[in-house]
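*Asks:* What follows is a structure written as structure tokens; I'll ask about it next.
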Amino acid sequence: MSYQKYGIRPQLVERVKFKLKNPVVKDRIRLLLGNVTKYDLQDRVKVRKLVKSATSILQEPLTDIQEEQIIDFVLAQKIDPNNTFHLLKLWGMFR
């Protein structure tokens, strides 16, 4: 999986996926990411804020190194939330 190339552990991904099965948590994350643009996802400062907000919602503490790994991963993916192919690619990575 490509997220592992960035040092993101599969155990962390599995914990987050499990927590996102909770409808309340899922809705809070959806609200957080609802108005995000592809330009937001290419701005390191905005991505850092989104990661910090998401980790607080998920109650998933991260080390500084883990946070940087996630930020680097998001920036490298060049995600466009309005492009269905980008979203399908991400979905395939984390299913």
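*Asks:* Give the residue list of trypsin sites (Lys or Arg not before Pro) in segment 17-80 that are DSSP loop and have at most 16 other beta-carbon atoms within 10 angstrom.
*Replies:* Answer in residue order: LYS21, LYS38, LYS78.
*Asks:* Could you run the Karplus curve 6.51 cos²θ - 1.76 cosθ + 1.60 with θ = phi - 60° over segment 48-55 and give me ³J(HN,Hα) per residue in whole Hz, x for Gly and Pro?
*Replies:* Values, residue by residue: 4, 5, 5, 5, 5, 5, 5, 5 Hz.
*Asks:* Shifting gears a bit: Give me log10 I(q)/I(0) at q = 0.29 Å⁻¹ for segment 1-42, Debye formula, one equal scatterer per alpha-carbon, no solvent.
*Replies:* -0.90
*Asks:* Here is a further query. Take LYS89 and VAL24, extend 7 Å from each Cα along the Cα→Cβ direction, and tell me the distance between the two endpoints in nm.
*Replies:* Simple spin-label model gives 3.6 nm for this pair.
*Asks:* Sticking with this one: Defining a contact as two alpha carbons under 8 Å apart and six or more residues distant in sequence, what relative contact order in percent does the chain show?
*Replies:* Across the chain, relative contact order equals 37 percent.
*Asks:* Could you work out how much longer the chain between ASN35 and ARG15 gets when fully extended? Use 0.36 nm per residue separation minus the Cα distance between them, nm to one decimal. Spell out each step's value before the answer.
*Replies:* Numbers: separation 20, 0.36 × 20 = 7.20 nm, distance 2.50 nm.
Answer, rounded to one decimal: 4.7 nm.
*Asks:* Assigning unit charges at the beta carbon (Lys, Arg +1; Asp, Glu -1) and nothing else, what dipole magnitude in debye, to the nearest 20, does segment 1-46 show about its Cα centre?
*Replies:* 140
*Asks:* List, in order, the whole-Hz ³J(HN,Hα) value for each residue of segment 23-28 obtained from phi through the Karplus relation with A = 6.51, B = -1.76, C = 1.60 and θ = phi - 60°; use x for Gly and Pro.
*Replies:* For segment 23-28, the Karplus curve yields x, 5, 5, 4, 5, 5 Hz.
*Asks:* Along the charge dipole of the chain, pointing to its positive end and built from +1/-1 on Cβ of Lys, Arg, Asp and Glu, which listed residue (ILE71, ALA54, LEU20) has its Cα farthest out?
*Replies:* LEU20
*Asks:* Give the accessible area for THR84 in Å² (nearest 10); use a 1.4 Å probe, count only protein heavy atoms, and leave out ligands, DNA and RNA.
*Replies:* Per-residue accessible area (THR84): approximately 90 Å².
*Asks:* What whole-number value in Å² describes the accessible area per residue of the chain for a 1.4 Å probe?
*Replies:* Numbers: 6740 Å² over 95 residues.
Using a 1.4 Å probe on heavy atoms only, each residue of the chain averages 71 Å².
*Asks:* To continue, here is another question. Who wins for biggest fluctuation among VAL47, VAL24, VAL16 in a Gaussian network model of the chain, springs between alpha carbons below 10 Å?
*Replies:* VAL24
The values are calculated or read from the model by the stated rules, or taken from the named source; none is laboratory data. Source: prediction; values computed, not measured. When we count neighbours, we look across all protein chains shown, and the Cβ atoms used for this are built from the backbone with ideal geometry, even at glycine. All accessible areas refer to the heavy atoms of the entire protein, side chains included, with ligands and DNA or RNA removed. Shrake-Rupley method; radii C 1.70, N 1.55, O 1.52, S 1.80 Å.
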